[in-house]
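This report concerns only the one structure given below.
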Amino acid sequence: MKKILGILGVILFIGFFAYKFFVGFYNTAIDYQENAKNAWSKVESAYQRRADLIPNLVETVKGYAKHEKETLEAVIKARATATQMKIDPANITPEQLAKFQQAQQGLGGALSRLLVTVEKYPELKADKHFLELQSQLEGTENRIKVERDRYNDAVTHYNKYIRKFPGNLLAGLFGFNQMARFESEKGAEKAPKVKF
């Protein structure tokens with residue numbers, strides 16, 4: 001009888017240890033994955049803030065630069081494209097992230113062209129409302145960068161956890177897949193040429 005109780009005790013101990021191991025891995029992976037999803041929502045929020053500022057900026061510029069219709073329409077179109085792009089943070093693939101980045105870069109390029117156009121209108125550059133919007137836009141661009149970095153940090157933490165042994169064996173069992181990171185756009189490693 002003592003042998004049976006001893007064997008049963010060992011089996012229960014091993015079972016309890018295995019249970020704690022599997023549950024511990026699973027719950028920690030969920031925590032890291034949710035942190036990455038939360039970081040993604042902050043990235044989207046920062047981009048949405050930029051998109052929300054654009055209509056006010058366009059209206060302000062429109063009052064001064066009536067014949068810059070093409071530039072203003074390009075900004076509005078780029079904003080519409082960028083705000084339509086939605087990604088499920090649980091299933092972010094590098095391809096989806098590349099499409100998202102492309103839409104956001106299109107909006108950034110249109111905004112840059114708009115701000116270059118503004119240089120032709122000194123009275124607009126001195127407008128208090130325009131200066132405030134421009135300042136908010138610059139601050140938002142900084143927020144976007146910070147939130148993208150935080151998202152990459154959270155994804156790196158999660159990806160490391162599910163790729164290290166023995167987590168890599170359990171990740172497939174529980175359906176945990178790597179998440180995609182933001183990467184710099186192609187050509188960003190080259191310094192821009194400045195000509196005077």
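Read the figures in this text as sums done on the coordinates, not as results from a lab. No experiment lies behind these values; they were computed from the predicted model shown.
Summary of computed values
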| item | result |
| --- | --- |
| Helix-only [θ]222 nm of the chain, DSSP H runs n ≥ 4, -39500 (n - 2.57) each, per residue, nearest 500 | -27500 deg cm²/dmol |
| Alpha-carbon centroids, the range 15-29 and the range 69-94: separation in whole Å | 41 Å |
| Computed P(r) (all Cα pairs; the range 1-105; 10 Å bins; percent) | 12, 25, 18, 14, 10, 8, 6, 4, 2, 0 |
